[in-house]
Each structure stands twice: as C-alpha cells, then as structure tokens.
1. Going 7 Å from the Cα of H65 in the Cα-to-Cβ direction, what parts of the range 2-34 have a backbone nitrogen less than 18 Å from that spot?
2. Can you give the log10 of the normalised intensity I(q)/I(0) at q = 0.21, 0.27 Å⁻¹, computed with Debye over equal Cα scatterers of the range 1-42?
3. Ignoring everything but the protein chains, give the 1.4 Å probe accessible area of Y58 in square angstrom, nearest 10.
4. Can you give me the long-range amide H partners of R75? Hydrogens built in the peptide plane at 1.01 Å from N, cutoff under 5 Å, separation of 5 or more residues or another chain.
5. Take the Cα pairs of the chain, get the Kirkwood Rh, then feed it into Stokes-Einstein at 20 °C and 1.002 mPa s and tell me D in µm²/s.
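The values are calculated or read from the model by the stated rules, or taken from the named source; none is laboratory data. Bear in mind the structure is a predicted one, so any value in this text is a computation, not a measurement. As a convention, Cβ positions derive from the backbone with ideal geometry for all residues, glycine included, and neighbour counts pool all protein chains shown. Ligands, DNA and RNA are stripped out before the accessible areas are found, and what is left, the full protein with its side chains, is counted by its heavy atoms. Shrake-Rupley method; radii C 1.70, N 1.55, O 1.52, S 1.80 Å.
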Amino acid sequence: MTRTFDAPREQVFAVYTDPKSIPNWWGPSWLTTTIDKFEPRQGGVWRFVQHDKAGNEYGFHGVHHEITAPSRLVRT
C-alpha cells in the first residue's frame, strides 16, 4: 500500500515508528489499541491488539522488512 500525506516526511515517519503515537491513529475510533511488541528495525517484530467495549480482542502482527528513515517503511 502506498499512502500520501500533506506533512513533512520526517513527521509522518515518526508517527509510524513511535509506539506512543500508534494507538492514536491505528484502526477505528471505537476500538482502543495497545502495543504488545514493537521493534522498529529490519527483522523486528510488531504486534498491536485492539479492544472493543465488549472485551473482545483483535490482534495484528508482522515483521519490519525495511526501515529507511525518513522515507521508507516496509512491513507485513
């Protein structure tokens, strides 16, 4: 997926690689997101868990394949 943002690339890259900012934008607003694992380096793993009001959990995970600050982030 390719996304275009009207913001400086350093700022966009920081938002995508800072585990403190990810819960502010990841997923729909009616779910809360917690960061279980986040290793922002090539080969590093990531896992986010979303929670709904009924107590259900939805997990997402993958691997960082390439990180080239501030221009490229490839992950599954």
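1. Of the residues in the range 2-34, 2-3 have backbone N under 18 Å from the label point off H65.
2. -0.82, -1.10
3. 90
4. H65
5. Value of D from the Cα-based Kirkwood radius: 162 µm²/s.
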